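Quick notes on the structure that follows.
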Amino acid sequence: MHKPGNVLMVCLGNICRSPLAQGVFENMSKKFKIKVDSAGVANYHTGYPPDKRSIYIAQKKGIDISMQKARQIKTKDFYNFDYIFVMDKENFNDLRELISYHKTNSIIQLLNYPFEIEDPYFGDDKSFEIVYDKIYQGCKRVLNNWK
């Protein structure tokens, strides 16, 4: 029996990495009772669906993220989620700054530091495949240690 929980995946704009991480983690954690969501540090894309390249790579892997909508992280998220996984050190630092007086021990990089999941937004399709692989490895590591 695995413990229930809830997880928030965070990247900069919530259209490339974190929606993909949400979809991958949801797909991998079906036997767990885990609620998964995603958000961005910035509000650049609030209300928009994920980047078409993220949707494409997810679909190639049998995961549908096309119905997700980007949103900006809110203060209440720091209380409503057991774990907040960020994609890179910049996201980590931005969140620590944003909530310096809130609970910060729940913010973790999805890949073990110093490894990062680079933002593929200005890259090509191959960049999104690399991001998917890194997200998959990070989610697998988290779930292997989920008690």
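The values are calculated or read from the model by the stated rules, or taken from the named source; none is laboratory data. Being a predicted model, the structure only gives us computed values, none of them experimental. Neighbour counts run over all protein chains shown; Cβ positions are idealised from the backbone, glycine included.
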(message) Being touching a Leu at 6+ places or on another chain (Cβ under 9 Å) and among the small types (Gly, Ala, Ser): is that true of GLY123 here?
(response) no
(message) Can you pull out every residue in segment 112-131 that is of a type in the set (Phe, Trp, Tyr) and modelled with pLDDT under 95?
(response) TYR113, PHE115
(message) Which pairs turn up if I take residues in segment 73-96 that are free of Cβ contacts under 8 Å to residues at least 60 places away in the same chain and surrounded by 20 or more Cβ atoms within 10 Å (Cβ to Cβ) and look for partners that are part of a strand (DSSP E or B) and not hydrophobic (A, V, I, L, M, F, W, C) with beta carbon separation below 7 Å, at least 6 apart in sequence or on another chain?
(response) PHE92/GLN109
(request) Of the numbered conditions (1) free of Cβ contacts under 8 Å to residues at least 60 places away in the same chain; (2) outside any helix (DSSP H, G or I); (3) touching a strand residue (DSSP E or B) at 6+ places or on another chain (Cβ under 6 Å), GLN22 fails exactly one; give the number of that condition. (result) (2)
(request) Filter segment 22-55 for residues that are β-branched (Val, Ile, Thr) and over 14 Å from MET87 (Cα atoms) and give the result. (result) ILE34, VAL36, THR46, ILE55
(request) Evaluate the following for LYS74: is it touching a strand residue (DSSP E or B) at 6+ places or on another chain (Cβ under 9 Å), under 21 Å from ASN112 (Cβ atoms) and of a type in the set (Lys, Arg)? (result) no
(request) Can you work out which of the residues in segment 1-14 that are surrounded by fewer than 24 Cβ atoms within 10 Å (Cβ to Cβ) and touching a strand residue (DSSP E or B) at 6+ places or on another chain (Cβ under 7 Å) is nearest to ILE55 (Cα to Cα)? (result) GLY13
(message) Exactly one condition in (1) closer than 15 Å to ALA21 by Cβ; (2) loosely packed, with under 13 Cβ neighbours inside 10 Å is false for TYR121; which is it?
(response) (2)
(message) Please go through (1) surrounded by fewer than 20 Cβ atoms within 10 Å (Cβ to Cβ); (2) modelled with pLDDT of 95 or more; (3) among the charged types (D, E, K, R) for ARG17 and return the number of the only condition it doesn't satisfy.
(response) (1)
(message) Give me the helices (runs of 4 or more DSSP H) completely within segment 32-147, filtered to those with at least 2 residues that are touching a helix residue (DSSP H, G or I) at 6+ places or on another chain (Cβ under 8 Å) and more than 20 Å from VAL7 (Cβ to Cβ), ordered by residue number.
(response) 52-60, 125-144
(message) Return the residues of segment 1-19 that are part of a loop (DSSP other than H, G, I, E, B) and closer than 14 Å to ASP77 by Cβ; say none if nothing qualifies.
(response) ASN14
